[in-house]
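J.: Take this structure, written in structure tokens, and hold onto it; I'll ask about it next.
What follows draws every value from the coordinates through simple rules; no lab data is involved. Given the structure is predicted, the values throughout are model-derived calculations rather than measurements. Glycine also receives a Cβ, built like all others from the backbone with ideal geometry; neighbour counts cover every protein chain displayed.
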Amino acid sequence: MRIFDRLWQALDGRLELAPLVDFATHKVVPQHRHSWAYYFGGLTLFFFIVQVATGILLLLYYRPTSEAAFESVQFIVTRVPFGWLIRSVHSWSANLMVLAAFAHMFSVYLLGSYAKPRELTWWSGFALLVLAMGFGFSGYLLPWNELAFFATRVGTDMVSKVPLIGGWLLKFLRGGEEVTGATLTRFFGFHVAVLPMITTTLLATHLAFIQRQGMHVPEGLEEEAATRRPLRFAPNFMMREGVVWLAGLAALAALAAFFPWELGSKADPFASAPAGIKPEWYFLFMFEALKLLPAHVLGIEGELVGLGAFSLAGLVWFLVPVLDRGSRIGHRSRAFLALGWLALAYIVVFTLASMAGAFK
Amino acid sequence: MRNHSFLALVLALAATVAGAAPPPNLVRPPGTHAEDTCTACHMALDDARLRTPAKLTDNDIHHAQGVTCAGCHGGDPTSEDAAVAMNTAKGFKGKFSHQAIPEMCGSCHSDASFMLRYAPNVPTDQLAQYRTSKHGQALAKGDTNVAICSSCHGAHGVLAVNDARSTVYPTRIVDTCGRCHGDAVLMGHYGIKGNEIAEYKQSAHYAALVTKNDLSAPTCKSCHGAHGATPPGVSSVSNICGTCHVTQRERFDLSPHKDAFAALSQPACESCHSNHAIVHPQDSWIGVGKDQTCGSCHSAGDSGATAATAILAALSGASKGLGGTQQRVDRVQLAGMLMDEAEVKLEDAHQAFIMAQVEIHTVNPSRVEEKTKAVLASTGAAERLAASAETEIRYRRTGLFVSLVVIALAMVTLIFKIRGMER
């Protein structure tokens, strides 16, 4: 123990760490009937850490070219010791991370935690969700299998509908007119360099905001929070979060072992598109809605109208701390609360219905 | 005047010998559409019988390639006066008789130097073949019920043979032949049953054509010939089937059946497989029992029956082994294991099994057994891979169970620790 004490003294003497430890030990987490919602952000962070760890391990064997990508993933899952587990955990953890991020975002929205002074936290969180979806979209193509290839073709094709810069965006994403090996290399670059760099920076900012501002007590629960003894962040809240992380780890292990992520067959750019191409589940609510739109709405291409509507909805969602004026003084608008429930219901219903094959 | 006529005749003959281009008002250069006064006038006629041919010229390959109406019907398309344009003195022939049509079509299609204008390798033996066909022979005897060129290709609105809309395109030719050959009353006059088309439509060949869109699958003309259509003789049946089923034919030629069938004047392939209603053969056909193919010549106890029993036993063993291994590999695959190597072994086994089925044509049990042993060798390799994958699944599940116990213990410990702290 003396060694640790001396090490601590040496570090504290140089870096003045005592105020930080003091901050952590005095930081408290309010307790009320909805304090369960505070754990989703941490759970998302846990899956992100798993993604980084397993992603680095996959990098040891993965080769990002159209000739070798599929074979390298096949090699990982068949020949590399525990490669099947790492690849399966990476794929499952990616999906669970997006799920946890959605749960975190909706709990924050529905409890009104986006209100002033936490606008920046909301905006950085929104950007992190978009980045997570970007991770999902770029990572989906990397095994270079048939479904991913065609789903990427459909997905990137939608970008071309964007007015004025659509054509340029399409070429930027694909590295040419078509989805080719150039697209794969570029997506690989986004997936392992660009997106992690931005995400890590933004994540650090997001966490710093939360630590600085503390947890938000939802409107109407202030009295309850005042009467209940708050939890100390370290170690009580951290240990509780540890239990949640362990549950996440157990879920990951069970899913990876019982439902290993499929590899499918290698992409053949000259083959015709297989039936039932679908994007990852978290894009389904948009994908199915776009499919339901007629070819033309008021003389404008249906898909363009749909993409415009989703962009507008995303903008409203992003700007909710500004648009919901009452929230600044602790009286959030009922209309925005209803909008949140409506968005949640729409996403859940469309995603589940699509998974159940209701849109075939 | 007489001298002039003589000179014109000499020039015309010289032009013909030299393969010179036909008059440009009758046949224009290839690729030039052949609209003229004939189509213009006929298009405007009230009589649908006369208007329809002109309307059909839009899709007609002859018109698209510059052959005008007068190219076949004669006359002078440069004149807008019907009396001049359709004057017999101008070579106008009007409607052709049934018997005249093959010769009329052949006047261009049998002319190699003329047809060279359109494609370097276009066949020019259609008329010669037609004359040898049952159709051609009957026509020569004055039978006007038989098929002529226009019966299959159409008269106006003729499409290229490789045009999917053409009546002679592989997927449509069966129904084209069936227009006559499906008519039992008409066919009765020629001693033909008239059920051949219906039988063919139950065959594996037709299924390949329409369900797999396999244009190389045999249709009527593949076995009977197109322009020289005739029933294949007994001795030529195996030649015809053997053009596609090469290996089966080679094996059959090695078998004692070859001489035996020839001695009995029995057609080779057809005796066991039938002719038009050829379905996928089943291993269960092998044997001398009721409804088994070999039983039509062999009976229990003879050498043929003994060979059939041995062949069936070898095939059944291989088939059972193949089916069982396939199921096991599928099961392991469903559990999430990649079984690509086992799939390759199974593919090898399938190939060897097909070869074993081909060896049946030798009616030599040892040759069949040689191939079925190869089937079992490949299924054995796939079984070993499946067994190793099953061990891996058990190992993973045990590992998962141990991990879950460790995680659960850690969670319980943490929960107790938290409770202790917060008490």
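J.: Which of the trypsin sites (Lys or Arg not before Pro) across the stretch A:31-112 are loop residues per DSSP, with 11 or fewer other Cβ within 10 Å?
T.: On the way: sites: A:ARG33, A:ARG79, A:ARG87; in loops: A:ARG33, A:ARG79.
Here the trypsin sites (Lys or Arg not before Pro) that fit, given the DSSP loop and packing criteria, are A:ARG33, A:ARG79.
J.: How would A:GLU219, A:GLU16, B:GLU196 line up from fewest to most surrounding beta-carbon atoms within 10 angstrom?
T.: Working: A:GLU219 16, A:GLU16 9, B:GLU196 20.
Placing the least packed residue first, the sequence is A:GLU16, A:GLU219, B:GLU196.
J.: Taking 45 Å as R0, compute the FRET efficiency from the Cβ-Cβ separation of A:VAL21 and B:GLU347 and round it to 0.05.
T.: Numbers: r = 65 Å, r/R0 = 1.44.
That pair, A:VAL21 with B:GLU347, gives E of 0.10.
J.: Would you compute, for the Cα atoms of chain A, the largest minus smallest coordinate along each principal axis and list the three values in descending order, in whole Å?
T.: Each principal axis gives a Cα extent; for chain A these are 64, 56, 37 Å.
J.: Where does chain A land at 222 nm, in deg cm²/dmol rounded to the nearest 500, when only DSSP H runs of n ≥ 4 count, each adding -39500 (n - 2.57), divided by all residues?
T.: Working: 16 runs with 235 residues, N = 360.
The per-residue figure over chain A is -21500 deg cm²/dmol.
J.: Measuring from label point to label point, each 7 Å out along Cα→Cβ, what is the B:ASP81 to A:ALA356 span in nm?
T.: That separation, rounded to one decimal, is 8.3 nm.
J.: Still on this model: Suppose R0 equals 45 Å; then what is the FRET efficiency for B:LYS93 and B:THR171 from their Cβ-Cβ distance, rounded to the nearest 0.05?
T.: Details: r = 35 Å, r/R0 = 0.78.
Result of the calculation: an efficiency of 0.80.
J.: If you don't mind, another one. If neighbour count is taken as other Cβ atoms inside 10 Å, put A:LYS116, B:LYS221 in order from fewest to most. Before the final figure, lay out the partial values.
T.: On the way: A:LYS116 13, B:LYS221 18.
Ordered from fewest to most neighbouring Cβ atoms within 10 Å, A:LYS116, B:LYS221 come out as A:LYS116, B:LYS221.
J.: Taking neighbour Cβ counts within 10 Å as the exposure measure, how do A:ILE165, B:ILE418 sort from fewest upward? Before the final figure, lay out each step's value.
T.: Numbers: A:ILE165 11, B:ILE418 18.
Listed from fewest to most nearby Cβ atoms, that is A:ILE165, B:ILE418.
J.: For the stretch B:278-423, what is one quarter of the convex hull surface built on the Cα atoms, given in nm²?
T.: On the way: hull surface 53.2 nm².
Taking a quarter of the hull surface, the average projection is 13.3 nm².
J.: Kindly provide the helix-only [θ] at 222 nm of chain B, computed as the sum of -39,500 (n - 2.57) over DSSP H runs of four or more divided by all residues, to the nearest 500 deg cm²/dmol? Present the calculation step by step, with values, prior to reporting the outcome.
T.: Working: 23 runs with 250 residues, N = 423.
Theoretical 222 nm ellipticity from helices: -18000 deg cm²/dmol.
J.: I would also like to ask the following. Listed here are the pairs A:LYS161/A:LYS291; B:LYS345/B:LYS373; B:LYS212/B:LYS320; which of them are more than 20 Å apart at the Cα?
T.: Where the Cα-Cα span goes over 20 Å, the pairs concerned are B:LYS212/B:LYS320.
J.: Separation of the stretch B:335-395 and the stretch A:292-360 by C-alpha centroid, Å?
T.: The distance from the Cα centre of the stretch B:335-395 to that of the stretch A:292-360 comes to 55 Å.
J.: Which three lengths, in whole Å and largest first, does chain B cover when its Cα atoms are put on their principal axes?
T.: Reported extents, whole Å, longest axis first: 127, 81, 42.
J.: Provide the per-residue ³J(HN,Hα) series for the stretch A:68-84, in order, calculated from phi with Karplus coefficients 6.51, -1.76, 1.60 and θ = phi - 60°, each as a whole number of Hz, with x at glycine and proline positions.
T.: Values, residue by residue: 10, 4, 4, 5, 5, 5, 4, 5, 4, 7, 10, 10, 6, x, 6, x, 4 Hz.
J.: Follow-up. So for the protein assembly as shown, considering every pair of alpha-carbon atoms, how many percent are separated by more than 41 Å? Mind showing how you got there, number by number?
T.: Working: 185479 of 306153 pairs.
Looking at the protein assembly as shown, the distances longer than 41 Å represent 61 percent of pairs.
J.: Using the Cα centre as the reference, give the magnitude of the dipole from point charges on the C-beta atoms of chain B (Lys, Arg: +1; Asp, Glu: -1; all else neutral), rounded to the nearest 20 debye. Write down the numbers at each step before the final one.
T.: Working: 37 positive and 39 negative charges, 163 e Å.
In total the dipole reaches around 780 debye.
J.: Once amide H atoms are placed 1.01 Å from N in the peptide plane, what residues at a sequence separation of 5 or more from A:LEU231, or on another chain, have their amide H within under 5 Å of its amide H?
T.: When sequence neighbours closer than 5 places are left aside, the close amide H contacts are A:VAL29, A:GLN31.
J.: Determine the relative contact order of the stretch A:1-148: mean sequence separation of Cα pairs under 8 Å and six or more apart, normalised by residue count, in whole percent.
T.: On the way: 83 pairs, mean separation 37.7, N = 148.
Relative contact order of the stretch A:1-148: 25 percent.
J.: What's the center-to-center distance, using Cα atoms, between the stretch B:122-192 and the stretch B:280-295 in Å?
T.: 37
J.: Only Cα pairs under 8 Å and at least 6 apart count here; give the relative contact order of chain B as a rounded whole percent. Can you show the working numbers first?
T.: Values: 485 pairs, mean separation 36.6, N = 423.
Answer for chain B is 9 percent.
J.: Over the C-alpha atoms of the stretch B:257-324, what are the Rg and the largest Cα-to-Cα span, Dmax, in Å?
T.: In order Rg, Dmax, the Cα atoms of the stretch B:257-324 give 13.3, 43 Å.
J.: The stretch B:138-232: which chymotrypsin sites (Phe, Trp or Tyr not before Pro) are DSSP loop and have at most 15 other beta-carbon atoms within 10 angstrom? Could you put the intermediate results ahead of the total?
T.: Details: sites: B:TYR190, B:TYR200, B:TYR206; in loops: B:TYR190.
Answer by residue number: B:TYR190.
J.: Which helices pass in chain B if a helix is a full DSSP H run, must span at least 20 angstrom along its long axis by Cα, and must have mean Kyte-Doolittle hydropathy not below 1.0? Intermediate results must be reported in sequence, preceding the final value.
T.: Working: long enough: B:2-17 (23 Å, 1.31); B:303-334 (46 Å, 0.23); B:340-359 (28 Å, -0.33); B:365-422 (83 Å, 0.36).
For chain B, where a helix must reach 20 Å along its axis and average at least 1.0, the hits are B:2-17.
J.: On average, how many beta carbons from a partner chain sit within 10 Å of the beta carbon of a residue in B:405-414? Provide the component values of the computation, followed by the final result.
T.: On the way: counts 0, 4, 10, 3, 1, 6, 8, 2, 2, 7.
The mean count of partner-chain Cβ atoms within 10 Å per residue comes to 4.
J.: Starting from the exponent 0.38 and prefactor 2.2 Å, build the expected Rg for the stretch B:232-279 from its residue count and divide its actual Cα Rg by it.
T.: Details: Rg = 10.0 Å, N = 48, 2.2 N^0.38 = 9.6 Å.
For the stretch B:232-279, the normalised Cα radius of gyration comes out at 1.04.
J.: Turning to a different aspect of this structure: Taking every pair of alpha-carbon atoms in the stretch B:303-386, what share in percent sits in each 10 Å bin, from 0 to the bin with the longest distance?
T.: Spelled out per bin, shortest first, that is 20, 45, 23, 10, 2, 0.
J.: Straight-line reach from B:LYS55: which lysines fall under 23 Å, measuring Cα to Cα and dropping same-chain residues less than 8 apart?
T.: Hits, sequence-local ones excluded: B:LYS93, B:LYS95.
J.: Also, I was wondering about something else. Just to be sure I follow: if Rg is taken over the C-alpha atoms of the stretch B:130-222 and Rh is the Kirkwood radius over the same atoms, what is Rg/Rh?
T.: Taking Rh as the inverse mean 1/r over Cα pairs, Rg/Rh reads 0.98.
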